[in-house]
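Scroll down for the structure; my scribbles are underneath it.
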Amino acid sequence: MKGKRLLMIPGPIEFTDEVLAEMSLPTLSHVDPLFIEEFGQAIEKMRKVWLAPNGQPFAVAGSGTLAMELAAANITEPGDNVLIVHTGYFSDRMADIFRLHGANVDIVPSTVGDLPSLELVRTQLKAKHYKTLSITHVDTSTGVRADVRSLAAAAHETSTLVVVDGVCAVAGEELRMEEWGWTSPSLHRRKQSAYRQDLRSLSQVHEPSMCSRHAKARCDPTTATGNTGFLSWRPMKREKPLTSEPRL
């Protein structure tokens, strides 16, 4: 490591030599057959990271915060009730994003460095009808790790959708999207997985919840259509069959 600066923050993280070499290759056109093949491989392998063979991955050309907003935009309509499990700064950010999209946001509070009890969250979920429960799996600001599996199970008791911000957790903590029953996007960036920067953020969507939300969408500026709608981008995010070997 002599002569090389060592990056030791929650994210971005250090890149391997293999990733750095890949980043030095010439850029391909987005309609180049080779790019389509490589992109298809990335989509398919993303399902393995989330342990969700039936999920629909999305590669987002933006920051982790953009992916967080895409999650809210695609499942939220004005007046929806959203419950936030508070574990730190990024829980507050998610609350702000949901408010931006017209949601009525309640927060299950916690002290700094701690998280609300499961029973407290379960009690609040039963207090009124919530459309969405938002969980930050690992909050960068506090290092607190939420028990996503148990929280998702509590949400299912009241038929509540589950959004998980996995920016600081995916590929570093156990995440079983289908088995644990997340009903909408999981999000992450380059914190536990050092991949090419042009991939930016990655999201995984459980399609039944996405389609249910869009079935009710109206053609007005408050609905997640056009450039922010997952359904609009879904045809481009399907993996394609391979016809040749990837670049070396």
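Values for this structure:
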item: Footprinting exposure proxy for ASP80, ASP114 (fewest neighbouring C-beta atoms within 10 Å first); result: ASP114, ASP80
item: Net length gained if the chain between ASP17 and THR158 were fully extended (0.36 nm per residue, minus Cα distance); result: 46.0 nm
item: Relative exposure of THR16, THR76, THR123, judged by other C-beta atoms within 10 Å (fewest first); result: THR16, THR123, THR76
item: Residue order, fewest to most surrounding Cβ atoms within 10 angstrom, among HIS86, HIS156, HIS129, HIS101; result: HIS129, HIS156, HIS101, HIS86
item: Using a Förster distance of 35 Å, the FRET efficiency for ARG99-LEU34 (Cβ separation, nearest 0.05); result: 0.25
item: Placed amide H near GLY55: partners under 5 Å, 5+ positions off or other chain; result: none
item: R0 of 25 Å, Cβ-Cβ distance ASN54-LEU118: FRET efficiency to nearest 0.05; result: 0.35
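Here, each number is a calculation from the coordinates, and none is a lab measurement. Just so it is clear, the structure is predicted and the values come from calculations on it, not from any experiment. Positions of Cβ are generated from backbone atoms using ideal geometry, with glycine treated the same way; all protein chains shown enter the neighbour counts.
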